[in-house]
Amino acid sequence: MARGPLDSLTPEACARLVGRRLTPGGTFEGLIRTSDTAVLGPRVVLEPPALDEAVAALTRARGGDEQHPATPSIPSFSR
């Protein structure tokens, strides 16, 4: 699970995240492959996801409630 501030969410990083969620606090979270973590900035925290976090992210990735803003700097929030 990757978590960090929205200004660390580049278009390349955004494309590699699975089940991305943007929070009202101006942060993001999502699943990312270990081999893809180099695209994330130094302010992004990486940790193994809990089972419920992984299931929720994969559900969002399958077309649940994930929203894709035109640019990462414009926040949109999942409910």
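The values are calculated or read from the model by the stated rules, or taken from the named source; none is laboratory data. All of these numbers come straight from a predicted model, not from anything done at the bench. Because the Cβ atoms are built from the backbone with ideal geometry, glycine has one as well, and the counts that use them run over all protein chains shown.
Residue by residue, here is whether (1) over 11 Å from the mean Cα position of the chain (by Cα); (2) of a type in the set (Ser, Thr, Tyr); (3) at pLDDT below 90 holds:
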| site | (1), (2), (3) |
| --- | --- |
| LEU40 | no, no, no |
| ARG43 | yes, no, no |
| PRO72 | no, no, yes |
| PRO75 | yes, no, yes |
What's the total number of residues in the range 4-26 that are under 12 Å from VAL44 (Cβ atoms), in contact with an Asp or Glu (Cβ under 9 Å, 6 or more places away or on another chain) and not aliphatic (A, V, I, L, M)?
2
Say we look at the range 6-26 and pick out the residues that are within 9 Å of the chain's Cα centre (by Cα) and free of Cβ contacts under 8 Å to residues at least 24 places away in the same chain; which of these is surrounded by the fewest Cβ atoms within 10 Å (Cβ to Cβ)?
ARG16
Output the residues belonging to the range 24-53 that are within 13 Å of CYS14 (Cα to Cα) and polar (S, T, N, Q).
THR27, THR37
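Would you tally the residues in the range 27-60 being in a loop (DSSP other than H, G, I, E, B) and surrounded by 12 or more Cβ atoms within 10 Å (Cβ to Cβ)?
The number of residues fulfilling the criteria is 5.
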